[in-house]
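Below is one structure, written out as structure tokens; comments come after it.
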Amino acid sequence: MKLLTLIALSALALPVMPAAASECPAVLQHEMPKLRSKDSVDLCQTFQGKALVVVNTASHCGFTPQFKGLEALYQRYKGDGLEVLGVPSDDFFQESDDEAETAEVCYVNYGVTFTMTQTQAVRGRDATPLFRELAEQAGQAPRWNFYKYVVDRQGRVVAHFSSKVNPDDPRLIAAVEKALAR
């Protein structure tokens, strides 16, 4: 009897956590090197349980001013659990080879405070695993710089948008709000 009581009390002391909450979604099971840093960003640790906008960026593109809108989107919704991840890419030949210049464009010229990685491949065989997973879920790899994927709190792509869709577009805002609500 004492043994059964001890087992019952021990079971009550254990934290109750659903199995799914402790598992990181496949899209986040990666690490990426941070821009202008020796550190890496562990996507699971940083973004698990949050809604996320992932965007491939370039410093010398006609869409580069979208950094301003992405930062505004981040500031507007970060208190609700939104994160933005910028991934510079030279896949379309519009990113600097100089990481310091890329960082200056992001941080100085546009005041970006959301997470930025070092330059990565985002399409084709050389695409970083994050972008392979995003493309698989969305059925579409980035067609150009500033292609945007909206990912819900469970790690599912709920929408994706071309470069021509600005961060303040009502369709993108609706997708972000949907991702936050899930």
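The values are calculated or read from the model by the stated rules, or taken from the named source; none is laboratory data. The model shown is predicted, which means the values in this text are computed figures rather than measured ones. Positions of Cβ are backbone-derived with ideal geometry, glycine not excepted, and every protein chain shown enters the neighbour counts. Just the protein is used for accessible areas: all its heavy atoms, side chains included, with ligands, DNA and RNA removed. Shrake-Rupley method; radii C 1.70, N 1.55, O 1.52, S 1.80 Å.
For F146, the residues whose modelled amide H falls within less than 5 Å of its own, excluding neighbours fewer than 5 places apart on the same chain, are N56, T57, A58.
At the listed q of 0.10, 0.13, 0.16 Å⁻¹, the Debye profile of segment 25-178, built from one uniform point per Cα, gives log10 I(q)/I(0) equal to -0.29, -0.50, -0.80. Within the same chain, aspartates and glutamates fewer than 8 places from K78 are excluded, and of the rest, those with a Cα less than 13 Å from its Cα are E177.
Can you put Y107, Y74, Y149 in order of accessible area, largest first, using a 1.4 Å probe?
Details: Y107 80, Y74 25, Y149 0 Å².
Heavy-atom accessible area, descending, gives Y107, Y74, Y149.
Note on T113 and E136: with the Förster distance fixed at 35 Å, the Cβ-Cβ geometry gives a FRET efficiency of about 0.75. Extension gain, Q29 to E99, is 22.7 nm, computed as 0.36 nm per intervening residue step minus the present C-alpha separation. Rounded to the nearest Hz, the phi-derived 3J(HN,Hα) couplings of segment 147-159 under the Karplus curve 6.51 cos²θ - 1.76 cosθ + 1.60 (θ = phi - 60°) are 7, 10, 10, 9, 10, 7, 5, 9, x, 9, 5, 9, 6, where x marks glycine and proline. The charge dipole of the chain, taken about its Cα centre with unit charges on the Cβ of Lys, Arg, Asp and Glu (plus for the first two, minus for the last two), comes to roughly 760 debye.
Applying a 4.7 Å Cβ-Cβ cutoff to the chain leaves C61, C106 as cysteine residues with no disulfide-compatible partner.
Could you tell me how many degrees, from 0 to 90 and to the nearest 10, lie between the Cα long axis of helix 66-77 and the main elongation axis, the longest principal axis, of the Cα atoms of the chain? For helix 66-77, the angle is close to 30 degrees. If one takes the longest principal axis of the Cα atoms in the chain, at what angle in degrees, from 0 to 90 and to the nearest 10, does the Cα axis of helix 2-13 lie? Tilt relative to the chain: about 20 degrees. Residue by residue, segment 48-58 carries 3J(HN,Hα) couplings of 4, x, 10, 7, 9, 10, 10, 9, 8, 10, 7 Hz when phi is fed to the Karplus relation 6.51 cos²θ - 1.76 cosθ + 1.60 (θ = phi - 60°); x denotes Gly or Pro. Between Q154 and K38, the FRET efficiency from the beta-carbon distance, with R0 = 25 Å, is close to 0.20. Considering only P25, Y107, L85, and ranking their Cα positions along the charge dipole of the chain that arises from unit charges at the beta-carbon of Lys, Arg, Asp and Glu, the one farthest toward the positive end is P25. For the residue pairs K34/K178; K68/K148; K68/K164, the C-alpha atoms sit more than 18 angstrom apart in K34/K178.
With R₀ fixed at 30 Å, the C-beta to C-beta distance from D168 to R143 puts the FRET efficiency at about 0.90.
For the chain, the longest principal axis of the C-alpha atoms and the axis of helix 129-138 are separated by about 90°.
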